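The values are calculated or read from the model by the stated rules, or taken from the named source; none is laboratory data. Quick caveat: nothing in here was measured; it's all calculated off a predicted structure. Glycine gets a Cβ as well: all are built from the backbone with ideal geometry, and neighbour counts include every protein chain shown. Calculation scope for accessible area: heavy atoms of the full protein, side chains included, ligands and nucleic acids excluded. Shrake-Rupley method; radii C 1.70, N 1.55, O 1.52, S 1.80 Å.
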Amino acid sequence: MDERIDLTAPAVRRLWKKALREPTVLQSFAFDEAHQHLYVVQVRRGGAAAGNLCLNKLDLEGNRLGHMYLHGFGHGVSTGVQNAADGTVWIWTEADAEGGYGQGVTRFRFFHGAVRTGADVKIRHSIPGSTNNQPSVCMASGRIAVRYRTGGTPRYRVWDLDAFVARDYGRPLADLPQTGAHPDPAVPFQGYALHGDHIYQLAGTAYDDATNPPAEHGNTYLSCLDIRTGDLVQRQRTEAGHSLDFREPEGLAVRHKPHPRLYIGLASGALGARRFSLYSKP
């Protein structure tokens with residue numbers, strides 16, 4: 001599977017200034033295409049240091065259908081949805097928070113109103129000695145990626161999803177460095193998504209009158225890595241949602257049907273009353 005999404009394609013607004021359970025920014029999101037649902041992760045108010053997250057379940061119009069809390073899981077940098085053959089929907093997130101970031105990954109089922117801790121789930125430490133583990137799932141190719149750090153340096157490792165579920169971690173399909181997310185390496189990384197043979201990356205900051213003024217439409221970049229070679233194959237600045245106030249890029253996800261589309265998450269609104277918007281590139 002080598003179909004690549006063109007990052008120069010115009011972005012289309014999909015959702016606009018939607019509210020989540022918590023008044024914080026979204027961190028990441030993923031689609032359940034089998035059931036037409038959207039899952040959005042955010043840090044609980046006052047819970048960043050402990051790695052406390054809120055998982056929102058929405059319909060594709062952005063209407064809230066439920067939520068659950070994940071205590072001690074991490075920062076929510078990326079999220080995945082797995083549609084199992086038996087019809088079970090599994091949500092993949094980071095887990096085992098230390099310093100606010102998950103040191104492993106896990107999967108679990110969504111139950112409205114539930115509160116989960118690390119003791120309630122089976123945490124996977126698939127890369128011994130690594131830190132800051134964050135998953136992304138591609139159901140179109142049946143693969144899972146984990147972004148991780150070793151020696152402080154971020155990398156990606158990709159497996160066949162069935163093998164990963166079976167805890168067969170010894171035969172990854174790819175392992176490559178995170179590179180090229182932004183022309184300025186000091187600009188924060190804000191999310192990624194696995195799609196077939198490519199990893200899409202997001203980097204940028206919220207508007208700031210001194211360093212990132214709204215008049216310049218932001219410093220957000222999208223980029224694409226080929227997992228077969230590790231090469232940076234495309235990088236493109238995006239002005240999607242430039243009229244939003246605050247406008248912090250947060251999270252990427254891919255919808256595969258009826259054709260692949262890369263979705264970009266953008267946070268807006270005042271502190272304590274954040275909203276989220278989604279844009280897509282075909």
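The charge dipole of the chain, taken about its Cα centre with unit charges on the Cβ atoms of Lys, Arg (+1), Asp and Glu (-1) only, comes to about 540 debye.
Per residue, the chain reaches -500 deg cm²/dmol at 222 nm when only DSSP H runs of four or more residues are counted, each adding -39500 (n - 2.57).
How large a share of the accessible area of region 83-169, in percent, is made up of carbon and sulfur atoms when the probe is 1.4 Å and the other protein chains stay in place?
Values: 1720 of 3710 Å².
Carbon-and-sulfur percentage of accessible area, whole number: 46.
Extension gain, His35 to Glu3: 0.36 nm times the residue separation minus the Cα-Cα distance gives 9.1 nm. The structure-derived value of Cα Rg over 2.2 N^0.38 Å appears in the list [x] 1.34; [y] 0.96; [z] 0.91 under the label [z].
Which number comes out as Rg/Rh for region 85-134 once both Rg and the Kirkwood Rh are worked out on C-alpha atoms? Can you show the working numbers first?
On the way: Rg = 11.8 Å, Rh = 11.7 Å.
In region 85-134, Rg relative to Rh is 1.01.
Take the Cα radius of gyration of region 161-282 and divide it by 2.2 N^0.38 Å, N being the number of residues; the result is 1.17. Across region 1-159, the fraction of Cα-Cα pairs farther apart than 18 Å, rounded to a whole number, is 59%. Between Asp160 and Thr88, residue separation times 0.36 nm minus the direct Cα-Cα distance comes to 24.1 nm. A simple spin-label model places the labels of Arg167 and Lys17 4.9 nm from each other, with each point 7 Å out along Cα-to-Cβ. Pairs of alpha carbons in region 107-185 separated by more than 22 Å make up 34% of all such pairs. Taking a point 7 Å out from the Cα of Glu216 in the direction of its Cβ, the residues of region 163-193 whose backbone N falls within less than 19 Å of it are 181-190. Looking at region 129-167, the trypsin sites (Lys or Arg not before Pro) that sit in a DSSP loop and have at most 10 other Cβ atoms within 10 Å of their own Cβ are Arg167. Calculated accessible area for the chain comes out at 40 Å² per residue, all protein chains present (probe 1.4 Å; ligands, DNA, RNA ignored).
Approximating the spin labels as points 7 Å out from Cα along Cα→Cβ, the Lys122-to-Arg109 distance works out to 1.4 nm. For the pair Arg64 and Ser243, label points projected 7 Å from Cα toward Cβ lie 2.6 nm apart. Normalised by the residues of the chain, what does the relative contact order come to in percent, with Cα pairs under 8 Å and at least six apart? The normalised contact order for the chain reaches 19 percent.
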